[in-house]
Amino acid sequence: MADNKDQNLDVNYWRSFEELNGDVKSLKLKHDEFHEGVTEDFDPEKNLSGISRRKFLALVGASAALAGAGCSDYREKGEIVAYNKKPEEIVIGKANYYSSTCSSCSLACGILIKTREGRPIKIDGNPDHPINKGKICAKGQASILNLYDPSRYQRPTKGNFGFRNDIDWKTVDKEIKNILTTNDGKEIAIVLHKVNSPTAIKVLEEFKNKYPTLKFYYYDLFDDGAKLSAFRKTHGVAALPVIKFEDAKIILALEGDFLGVDGNKLEQGRKFAERRDVDDTKNFSRVYSVEGNLSITGMNSDYRLRLSPVHQYEFVASLLNELILKRNIGGIALDGVAREVVSSVSLDSFASKHDLDKNVLKSLADDLANHRSDVLVFAGSILNEETHILVNLLNEVLGNSKLFSTTEINENLHEYSSKTEIENLVQSMKNGNVKLLIHFDSNPVYHLSKDFDYENALKNVANTVTLCIEENETAALSNYVLPINHNFESWGDASVRNGLFSLLQPVISPLYDTRQKEAILLHWMNDNVDNFDDKQYLNFLKNNWMTNVYPKINSPLTFDRYWNISLHDGVSQAKNKSQINYQFNRAALNSINKPKVSGNYCLTLTENLNIADGRFANNGWLQELPHPISKVTWDNYAAISHQTGKKINLKINDLVEISVHGKTKIFPVVLQPGLANNFINIELGFGRTHCPVIAADVGVNANHLLSKENFGSSNLYDNVTIKKVDGKGTVVTTQEHHNYDEALIQEAHKKRFIIIEGTVNQYLKDPKFVQTRPRHTLKNINKEHEYKDVKWAMSIDLNKCIGCGDCVVGCNVENNIPIVGKDQVGRGREMQWLRIDRYYSGTPENPKINVQPMLCQHCDQAPCENVCPVVATTHSPDGLNQMIYNRCVGTRYCSNNCPYKVRRFNFFNFRDNLKNSYYEQDSISLLHNPEVTVRSRGVMEKCTFCIQRIMDAREEVTRSGIKLKGTDVKTACQEACNTNAIKFGDMNDLESEINRYRNHDLGYVVLEDTNVRPNVTYIAKLRNSHSEEM
Amino acid sequence: MAQTKMERKKFFSTIGFSILGLFALKSFPFGKLFARNSNTKKNKITVKINPDAVSRKSTGVQNG
């Protein structure tokens, strides 16, 4: 005690510098209990507003009553009234399904439309369609948003240059009929995209018969022109063969993105994935990708070489040199031009000239030589005709005809128009020789090269009609703008393969005063246009099927039964198909003169996987879906390589001026690892001017760089210049969002075992190599949950996942995910429950790429559950991490604690926040899935493993009295994945597939060392290299 | 006493007017007044099923 007293005397405690320095004021404060001014007299007149306590309470009471009265309609959405006369096929609360055909692009995939109470809410693939087999791409999934788009034209309008008035259909019909029947010999022109409907073709033919001065002009921004032209020359067939990717042991992709924009991604992806099965490693395919642009195929290849597309011609010639001249393969004796071309190059010198890895090239040549008939060489549409002819020759040399179907071929119902034909049309328009120009759901003002001067020529046409669904650049310049039905409101058919016919059926009556485009033409053929018969096209379609399709099918049923069955199935296939023989025509080799290569920059103008040619620019889900390679949203950009960027001193979002044959345009830059040097890639479909709200001010219109000389050929441009200019772009990329690997450690995703990969040879030698990694076993302090019944789990096979993002859009549609807009994405507030993380490893010049879908892991020991102060996130008896939206108060502690960063917070009511409440309008409420809560501001959300589907399955089995099985439920992402990379089910069922994947030798969980026990297993990626090393 | 009677009258008349006022406010379209302007002319949307459409099960059940 005495010691303590002494200690207290020695130590000087102080709380402020004033106290330490003995400030007089400070010392006085220590004596006074209250600070100066506290005890002064209190005067309500001076210190308050003069309101007494009584008055204040009265005001508060009145305000509360006022607020209550004024806000009483806040949540009122109207009355819910039961059906007066319930339609027979509707069971309240139960979905109906209808088969139809997607018309988002020309591939015409079979779809299944899910409707609730008569309104379509979800699109999936038709499981009975032989091409896409139950899968549909992101564009097809998101097309449901186009049906309910508030910007849809709702009625016909007439006017000029921005001054438009509503007009009724009867008046339109009379006026157009008058123009059509005026006998002045002037041309009637219809400009349209590729038509794959046999019945629509018949309508057009009959229209031409009725009005003989009619001419058709077919075009597409991406039309496989060079490839088709080459195949016609080499094989005499004006259609592309169906390729059996599933039978190819080796695939060489030359600027060919068969997993992305080249060909039918759904079919090709599925077939590719069939040979990436970890349980059948003997038949694992090997993919070589030689490309300038980093594509989805390149990302998933086993070997990748960077090569600018202008050198592909020489590369193929070098391969031919190696095989034919050096290794004497193919038994083909070359002569003339072909011999000259092939003998002037060699693979070795080519490799040296272009700094390619000679070891990889040697492996490639060996594989081509050793596996010949099992090798597929696939060239991308972007390459020129001469290169395609050489590729066809290479396939012929390899003798791989068994990889091309002899019973199926991709059918073209008509030819595209040539450059000369379009020029003639424009000239006729300028000369005033076109009396009526009809844009049949096409947008040539936006799509065609400015060299054609189509926009100016349009002003000289007296009568222009645009049939379209929403505002576009061509409609803005047209006299008549006639709104057409959406695909889901339309009858129709499609035939994309020989002997295969699919039907479109409307599942909903037109939402607005619109008509089907074919029906409009059909009506204008009638002598009397006073009364429109909305069944006229249906009858025409049925008649056409009875006359032209039914006889080919050889069905034993009556036509009426056959018709109903075809509507039910969505597809009808002829059983007997004639054999197709492909004979290589050597005369084609006379036209393979080497294209000139300038040595300057090379530019490719390619298709964006989700926006296509710009027709989906107004679809918020597709704009917000991160680009599979660059993870950019809401924008396009000039992608250049890291080295080229260094040369010109460029960083992301710098601006560059790109000049192509006298045309210039400024683009923001994205430095893309893996791109070839001196090469630029830009995607089209952006920079729309006359367009609805969502598409406005998004990206740069790269169509200005198109040349009419490349019309119908390929958008590959040489002799391009690039120059840095002042200013900054605003490209937003999600690749650094929701990071959970450490920023400062290189290849952290490998060191933390977020990505585990190996080679096929390594797996064959040591199947347990994934399991022998350093593992942590931690003691558990929490009481473990018991799962006595079903326990839901998911597995994602990283060998099959190609990173396309279709699963993300499927999830968006199913779960009413809001669109937040570019600005909010820039702040990391995108709301997608599922993201595809893309990791690079190796050098920026030659990176290896891994993709990994990341979603809520539904951890057994979820760290988010423990920290919620209001118990808004709980654990279900079947293993789900649940979210109770109306308990959530928005502390965001759960998101903070989540190691995977998969939780999403509604910082705003995004429907209200984006573009003047664009998605808060009446039509959008019809889009929502009624089985999923629409979340509002201040609430956390995340993947629920599609609990609505689980509950639906539970109800079904409870009603039937049977036990719930894991296979009864398919999540939206699983359903959308066309490579079947995602598996979902009950891991307590020991015989289930999911249980097998959970215990697979290659199976691992991400961030295992955190001991959260996630229920999503990833199957490690295997690269099929020649050695055990990657 | 007379003073209390007057106060009571005033009290009940105030309550009566307040209730009338609340009903009047409830029917006032505050929502429309403060709603954001929409550019599109609105048509009433009616959802009607196409009676000629043929429905099916979601799984692959091909009849043809």
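The values are calculated or read from the model by the stated rules, or taken from the named source; none is laboratory data. On a predicted model such as this, the values are computed, not experimentally measured, just so you know. FYI the Cβ positions are ideal-geometry reconstructions off the backbone, even for glycines, and counts take in every protein chain you see. Ligands, DNA and RNA are excluded from the accessible area calculation, which covers all protein heavy atoms including side chains. Shrake-Rupley method; radii C 1.70, N 1.55, O 1.52, S 1.80 Å.
Points worth noting:
- Ranked from largest, the principal axis spans of the Cα set of the protein assembly as shown equal 117, 85, 69 Å.
- Nonlocal amide H pairs with A:Cys888, under 5 Å, H built at 1.01 Å: none
- Sequence-separation-based contact order of segment A:594-733, relative, with Cα cut under 8 Å and 6+ spacing, percent: 38 percent
- Hydrodynamic radius of segment A:594-733 per Kirkwood, over alpha carbon pairs, in Å: 15.3 Å
- Remark: mean inter-chain Cβ contacts per residue of A:560-569 equal 4, using a 10 Å Cβ-Cβ cutoff to other protein chain atoms.
- When the Cα gyration tensor is reduced to axis lengths a ≥ b ≥ c, the ratio a/c is 1.5 or higher for segment A:470-611, and with a/b not above b/c it is classed as oblate.
- P(r) weight above 26 Å for segment A:302-443, C-alpha pairs, percent: 41 percent
- For the residues of A:500-510, the average number of beta carbons from a partner chain within 10 Å of their own beta carbon is 3.
- Calculated from backbone phi, Karplus (6.51, -1.76, 1.60) coupling profile of segment A:126-133 in Hz, x at Gly/Pro: 7, x, 8, 7, x, 8, 8, 6
- Cα-Cα pairs of segment A:808-898 separated by more than 17 Å (percent): 65 percent
- Relative frequency of Cα-Cα separations exceeding 22 Å in segment A:955-1030, percent: 41 percent
- Phi angles of segment A:179-192 translate, via the Karplus equation with coefficients 6.51, -1.76, 1.60 and θ = phi - 60°, into HN-Hα couplings of 5, 5, 8, 5, 8, 10, x, 7, 6, 10, 10, 10, 9, 8 Hz per residue; Gly and Pro are given as x.
- Only Lys, Arg, Asp and Glu carry charge here, each on its Cβ (+1 for the first two, -1 for the last two); on that basis segment A:594-733 has a dipole of about 420 debye about its Cα centre.
- Between A:Thr558 and A:Asp530, the contour length at 0.36 nm per residue exceeds the Cα-Cα span by 6.6 nm.
- Prolate/oblate/rounded label for segment A:900-973 (Cα gyration tensor, a/c 1.5): prolate
- Antiparallel DSSP beta bridges within chain A, as percent of all bridges there, nearest 5: 60 percent
- Here the relative contact order of segment A:810-940, from alpha carbon pairs under 8 Å that lie six or more residues apart, stands at 27 percent.
- Amide H contacts of A:Ile611: none lie under 5 Å away among residues 5 or more positions distant or on a separate chain (H built 1.01 Å from N in the peptide plane; Pro and chain starts excluded).
- Pairs spanning more than 18 Å between alpha-carbon atoms, out of A:Lys647/A:Lys724; A:Lys651/A:Lys901; A:Lys419/A:Lys708; A:Lys208/A:Lys517; A:Lys647/A:Lys723; A:Lys227/A:Lys800: A:Lys651/A:Lys901; A:Lys227/A:Lys800.
- Per-residue 3J(HN,Hα) values for segment A:556-563, derived from phi via the Karplus relation 6.51 cos²θ - 1.76 cosθ + 1.60 with θ = phi - 60°, read x, 8, 5, 4, 4, 5, 4, 5 Hz in sequence order (x marks Gly and Pro).
- Normalised by the number of residues in segment A:879-1015, the mean separation of alpha-carbon contacts (under 8 Å, six or more apart) gives a relative contact order of 18 percent.
- Three semi-axes describe the equivalent ellipsoid of segment A:865-989; taken as square roots of 5 times the Cα gyration tensor eigenvalues and ordered largest first, they are 28, 21, 15 Å.
- Cα-based radius of gyration of segment A:212-288 once divided by 2.2 N^0.38 Å, which approximates compact folds: 1.46
- Excluding ligands, DNA and RNA, the accessible surface per residue across segment A:594-733 is 33 Å² with a 1.4 Å probe.
- By accessible area with a 1.4 Å probe, ligands and nucleic acids excluded, highest first: order of A:Thr474, A:Thr407: A:Thr407, A:Thr474
- Rounded percent of accessible protein surface that carbon and sulfur make up, chain A, 1.4 Å probe: 49 percent
- Helical runs (DSSP H, four residues minimum) scored at -39500 (n - 2.57) apiece and divided by the length of the protein assembly as shown put the mean residue ellipticity at 222 nm at -8000 deg cm²/dmol.
- Under a model in which nothing but the beta-carbon of Lys, Arg (+1) and Asp, Glu (-1) is charged, segment A:243-404 shows a dipole of about 300 debye around its Cα centre.
- Both radii are taken from the alpha-carbon atoms of segment A:108-180; with Rh as the Kirkwood radius, Rg/Rh is 1.20.
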